[in-house]
Amino acid sequence: MAMKTTFILAAMIATSALCQAQLIALQSVHSQTYLAACDGCSSGTGVTLAFAHVDNSGPSYTHWTQTPVAGIITSFKCEYNNKFLAVCNQCTPGSAYPDVAAVHVDTNKDVWAQYVQITVDADKGHMAFQSLYNGKLLSYCFQCNSRAVYEHQVYFHVDRPSSNADIPTYSRWIIKKL
């Protein structure tokens, strides 16, 4: 019972940062580049995909409205096309992994557009985002799609380790308020 109570208290504390929608950019800890919506960046797909290929947070396609869904559950709506970041299964031919990050759904009401926000290293501002759809972490992936224009695509392909400290750098993000 004590373990469950501790988890609930930790979730309540983490929730305080998610009380309101906020305009942000997400910077990859691994590559130092920003998560961005990218149209036409992979042949054979009709959806806008997410890449981490932009060096600064200036363009609108790197701007996201982070919106609380419930408790520590959050979503990301791109300012560029007003669509939500979501898991897209089997959407990119030539990909190393089936669940790509796409910016293509109109609502955050479904689990493929919802994420648990995980504090990995509070001192450094490192966060991770675990999909409610497949349980995997939003992660940078270098050269994982042979048909992509850029080498820095984003997937949901990394399992969450038992310790948050063991979450790899390519699954860590820094929230930059705009």
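The values are calculated or read from the model by the stated rules, or taken from the named source; none is laboratory data. Just so it is clear, the model here is predicted, and its values are computed rather than measured. No Cβ is skipped: glycine too gets one built from the backbone with ideal geometry, and neighbour counts run over all protein chains shown. The accessibility values were calculated without ligands, DNA or RNA, using every heavy atom of the protein model including side chains. Shrake-Rupley method; radii C 1.70, N 1.55, O 1.52, S 1.80 Å.
A compact table of results
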{"read-out": "Condition met for Leu23 (modelled with pLDDT of 90 or more, farther than 23 Å from Tyr170 by Cβ and either in a loop (DSSP other than H, G, I, E, B) or not polar (S, T, N, Q) (or both))", "value": "yes"}
{"read-out": "Residue count, the range 30-59 (criterion: open to solvent by 20 Å² or more (accessible area, probe 1.4 Å) and either part of a loop (DSSP other than H, G, I, E, B) or at pLDDT 95 or above (or both))", "value": "16"}
{"read-out": "Of all residues making up the range 108-161, the number that are open to solvent by 50 Å² or more (accessible area, probe 1.4 Å), part of a loop (DSSP other than H, G, I, E, B) and more than 25 Å from Thr67 (Cβ to Cβ)", "value": "7"}
{"read-out": "Test: residue in the range 110-133 that is at pLDDT 95 or above and under 19 Å from Asp39 (Cα atoms)", "value": "yes"}
{"read-out": "Some residue of the range 162-172 being surrounded by 16 or more Cβ atoms within 10 Å (Cβ to Cβ) and in a strand (DSSP E or B)", "value": "no"}
{"read-out": "Single match in Ala101, Ala86 (criterion: in a strand (DSSP E or B) and either open to solvent by 30 Å² or more (accessible area, probe 1.4 Å) or in contact with a Cys (Cβ under 9 Å, 6 or more places away or on another chain) (or both))", "value": "Ala101"}
{"read-out": "Failed item, numbered, when Pro93 is tested on (1) over 17 Å from Gln22 (Cα atoms); (2) in a loop (DSSP other than H, G, I, E, B); (3) of a type outside the set (D, E, K, R); (4) at pLDDT 95 or above", "value": "(4)"}
{"read-out": "Enumeration of residues in the range 70-83 that are surrounded by 14 or more Cβ atoms within 10 Å (Cβ to Cβ) and either basic (Lys, Arg) or at positive phi (or both)", "value": "Gly71, Lys77, Lys83"}
